[in-house]
Amino acid sequence: MGIDVGSWCHFEVCEWTFPSNYYPDAPETALCRTLRQGKVQSFADLDALWDIFTPHATVIDRNPEHRMARAFCMRHYGRAWMCEYHEGLKGKDITISGDVEEPRVGVDRTSWMDLALGRFRAKTISVPCDISLEYVDNLKAPVRVPLLDRNGNPIARYENGTKPDHHAHARTYAEVAMALALSKGTNANTKVKQ
C-alpha cells in the first residue's frame, strides 16, 4: 500500500505477482494489479483500509503530517514506513532507518517514479476498469525533465507544474512497499499485497 499525504490521503493498494525467474534486482519484471485506489480524509480511514487489505508493507509520505504518519507507522509497526525522497541515492537503493521510534525509508525520487510510472508503458500493471479520472490525471501530471546537476552532469527530475500528482506519489510508494515486503523475506512465489 502506498499513501501520499496532503489535505487528503491518496492511496493505492496493489497485489504483486512474480514470474518464476524473478530476480530482486529487476523489480520491473514483477506484475502489479491495482486492487483499489482513492483518497480518504483521515488517518482513521487509512487504518480501516489497512484492516481490510492487511498489506505486507505500507509506505506513507513522511510530510507534511509527520506526527500523524509516524503514529500510523507505529500502529502498524514492522509493516509500515514513512518515506522521504533523498538526493544522491543511486537507482533503486532504499535507505532504511533503524530507529524503532520512527521507521522510515529514503529513496531517489526520479528512479522510483521511473519504475512506478513506467509500468504503464511496459504493460506490467493492470488497474480496475472503473479507475477514477482524478487517478489518471494525477498520473499524467509529473513530467520527466532533463537537467544538469551542479557539476554539469545530465540528470532528470519529475516536475508537475501546478497540477496535482498525489496518486503518482501513492503509486511510487506502493512500488517501494513491494521492495520492502520482499526484503522482509516474503516468498516471491506468492502474491503480495502492498
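The values are calculated or read from the model by the stated rules, or taken from the named source; none is laboratory data. Source: prediction; values computed, not measured. For neighbour counting, all protein chains shown are included, and Cβ atoms are generated from backbone atoms with ideal geometry for every residue, glycine included. Remember, those area values only see protein heavy atoms, side chains included, never the ligands or the DNA or RNA. Shrake-Rupley method; radii C 1.70, N 1.55, O 1.52, S 1.80 Å.
Can you pull out every residue in the range 87-140 that is among the small types (Gly, Ala, Ser) and in contact with a strand residue (DSSP E or B) (Cβ under 9 Å, 6 or more places away or on another chain)? Once the filter is applied, which keeps residues that are among the small types (Gly, Ala, Ser) and in contact with a strand residue (DSSP E or B) (Cβ under 9 Å, 6 or more places away or on another chain), the range 87-140 yields Ser97, Gly106, Ala116, Ser126, Ser132.
With respect to being among the polar types (S, T, N, Q) and in contact with a Cys (Cβ under 8 Å, 6 or more places away or on another chain), Ser20 falls outside the description.
Residues in the range 70-109 that are outside any strand (DSSP E or B), open to solvent by less than 30 Å² (accessible area, probe 1.4 Å) and of a type in the set (A, V, I, L, M, F, W, C): Phe72, Cys73.
Of everything in the range 35-67 that's within 19 Å of Ala181 (Cα to Cα) and of a type in the set (Val, Ile, Thr), which residue is most open to solvent (accessible area, probe 1.4 Å)? The qualifying residue most open to solvent (accessible area, probe 1.4 Å) is Ile52. In the range 126-143 there is at least one residue that is more than 17 Å from Ala174 (Cβ to Cβ), open to solvent by 70 Å² or more (accessible area, probe 1.4 Å) and assigned to a strand (DSSP E or B).
Glu175 falls short on exactly one of the conditions (1) open to solvent by 20 Å² or more (accessible area, probe 1.4 Å); (2) at pLDDT 95 or above, and that condition is (1). Scanning the range 145-158 turns up no residue that is among the hydrophobic types (A, V, I, L, M, F, W, C), over 18 Å from Gly91 (Cβ atoms) and under 19 Å from the mean Cα position of the chain (by Cα).
Please work out if Pro164 is open to solvent by 60 Å² or more (accessible area, probe 1.4 Å), more than 22 Å from Thr54 (Cβ to Cβ) and in contact with a strand residue (DSSP E or B) (Cβ under 8 Å, 6 or more places away or on another chain).
Working: open to solvent by 60 Å² or more (accessible area, probe 1.4 Å): yes; more than 22 Å from Thr54 (Cβ to Cβ): yes; in contact with a strand residue (DSSP E or B) (Cβ under 8 Å, 6 or more places away or on another chain): no.
No, not satisfied.
For residues in the range 144-155 being of a type in the set (D, E, K, R) and in a loop (DSSP other than H, G, I, E, B), which is nearest to Trp112 (Cα to Cα)? Give the steps one after another, and end with the answer.
If we filter the range 144-155 for residues that are of a type in the set (D, E, K, R), which is where we start, we get 144, 149-150.
With the extra rule that they be in a loop (DSSP other than H, G, I, E, B), the set shrinks to 149-150.
Numbers: Asp149: 19, Arg150: 22 Å.
Across the range 144-155, the extreme among qualifying residues is Asp149.
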